[in-house]
1. Out of Leu11, Leu45, which single residue is of a type outside the set (Phe, Trp, Tyr), farther than 28 Å from Ala156 by Cα and surrounded by 14 or more Cβ atoms within 10 Å (Cβ to Cβ)?
2. Would you check which residues across segment 26-37 are surrounded by 13 or more Cβ atoms within 10 Å (Cβ to Cβ) and not polar (S, T, N, Q) and list them?
3. Report every pair of residues separated by at least 6 positions or lying on different chains whose Cβ atoms are under 7 Å apart, first residue within segment 198-223 and under 13 Å from Gly234 (Cβ atoms), second among the aliphatic types (A, V, I, L, M) and surrounded by fewer than 19 Cβ atoms within 10 Å (Cβ to Cβ).
4. Scan segment 102-120 and tell me whether some residue there is more than 20 Å from Met1 (Cβ to Cβ), in a loop (DSSP other than H, G, I, E, B), at pLDDT below 95 and not assigned by TED's automatic domain parsing to the domain that holds His166.
5. Quick one: in segment 147-196, of everything that is surrounded by 23 or more Cβ atoms within 10 Å (Cβ to Cβ) and hydroxyl-bearing (Ser, Thr, Tyr), which residue is farthest from Glu112 (Cα to Cα)?
6. Quick one: which of Ala69, Ala81, Ala49, Ala27 is out of contact with any Asp or Glu (no Cβ under 7 Å at 6 or more places or on another chain), in the same structural domain as Leu148 (by TED's automatic domain parsing) and touching a residue at least 24 places away in the same chain (Cβ under 8 Å)?
7. Can Val85 be described as of a type outside the set (Asp, Glu) and surrounded by fewer than 23 Cβ atoms within 10 Å (Cβ to Cβ)?
8. So if I check each of Asp111, Asp129, which one is over 24 Å from Pro8 (Cβ atoms) and under 18 Å from the mean Cα position of the chain (by Cα)?
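The values are calculated or read from the model by the stated rules, or taken from the named source; none is laboratory data. Quick caveat: nothing in here was measured; it's all calculated off a predicted structure. Every residue, glycine as well, gets a Cβ built from its backbone with ideal geometry; the counts of neighbours run over all protein chains shown.
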Amino acid sequence: MEELPNKPSRLLKEAVSLFEKGKYGWAKTLCWMELKRNPNEYFALCWYANSLYQLGHHDQQAVSAYQEAIEMRPEHPFAHAGLGVLLYSNVIRIAREYSTFPGGSQMMFADELNPDDTSSLLRIKGFADYECANRKIAIRELERAADLLDDKDEKAHYLLLSAEIHCHINNRKGIQAYKRVLEIDPSCTPAHFDLAGCYAGTGEEELARQEYYFVEKRDPEAAQELAAILAQFGTKCG
């Protein structure tokens with residue numbers, strides 16, 4: 001993915017170098033300085049958002065920066081990917097943290113805003129939106145990034161993240177999403193692993209076992225973990 005302009009400024013190159021060394025505070029500062037000089041520098045805004053996200057506790061600011069960058073260049077994947085990954089990470093965090101919550105973690109997403117409903121912008125944000133974890137926006141941005149990318153591995157990566165969220169919402173939608181990943185990368189073991197779980201969750205035992213056998217041939221250790229998961233749905237393997 002193109003992550004710098006053709007002729008990046010010294011400030012921006014230094015910011016990216018610092019970011020890659022884990023010095024996110026300095027990277028953020030240099031990106032901010034670059035944006036003061038060049039307010040419409042798309043890549044500086046993306047790296048500024050990346051730095052905010054990595055620093056933690058700045059997700060709302062990072063989301064705003066990514067959204068501004070998307071408005072600048074909606075045809076470029078960098079900001080879509082950054083926003084999608086930020087939202088994805090919070091979706092997964094909430095799903096894990098509230099898995100034992102009464103009603104399950106799904107309750108924490110019950111009042112998330114619908115990005116396709118303009119009237120929803122008038123409503124007060126629910127828990128998921130306040131936590132920057134809107135699942136539908138995460139899926140949209142990850143899939144837009146994938147659609148805009150040429151590299152197959154990168155496409156599969158972002159579609160795999162999107163599929164995980166689809167699966168969290170609905171197993172059948174998850175099945176379709178994982179199939180899309182496998183159309184691009186048929187050997188993607190994580191996709192086969194999760195697809196097996198989706199099939200088991202919808203009662204399609206034979207299809208779940210087929211995916212299990214694929215995983216078993218390529219990663220026996222992962223297959224043991226998968227067998228335990230499938231057993232919870234009553235699907236026996238081996």
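1. Details: Leu45 fails: farther than 28 Å from Ala156 by Cα.
Result of the check over Leu11, Leu45: Leu11.
2. Restricting attention to segment 26-37, the residues satisfying the condition of being surrounded by 13 or more Cβ atoms within 10 Å (Cβ to Cβ) are 26-35.
Hits for segment 26-37 are Trp26, Ala27, Lys28, Leu30, Cys31, Trp32, Met33, Glu34, Leu35.
3. Tyr199/Leu207
4. Step one: of segment 102-120, the residues more than 20 Å from Met1 (Cβ to Cβ) are 102-120.
Adding the requirement that they be in a loop (DSSP other than H, G, I, E, B) leaves 102-104, 110-117.
Next, from what is left, pick out any that are at pLDDT below 95: 102-104, 110-117.
Remaining after also requiring not assigned by TED's automatic domain parsing to the domain that holds His166: none.
No, because not a single residue in segment 102-120 is more than 20 Å from Met1 (Cβ to Cβ), in a loop (DSSP other than H, G, I, E, B), at pLDDT below 95 and not assigned by TED's automatic domain parsing to the domain that holds His166.
5. Only one residue fits best here, namely Tyr178.
6. Values: Ala69 fails: in the same structural domain as Leu148 (by TED's automatic domain parsing); Ala49 fails: in the same structural domain as Leu148 (by TED's automatic domain parsing); Ala27 fails: in the same structural domain as Leu148 (by TED's automatic domain parsing).
Of Ala69, Ala81, Ala49, Ala27, the one residue that is out of contact with any Asp or Glu (no Cβ under 7 Å at 6 or more places or on another chain), in the same structural domain as Leu148 (by TED's automatic domain parsing) and touching a residue at least 24 places away in the same chain (Cβ under 8 Å) is Ala81.
7. Values: of a type outside the set (Asp, Glu): yes; surrounded by fewer than 23 Cβ atoms within 10 Å (Cβ to Cβ): yes.
Yes, satisfied.
8. Asp129
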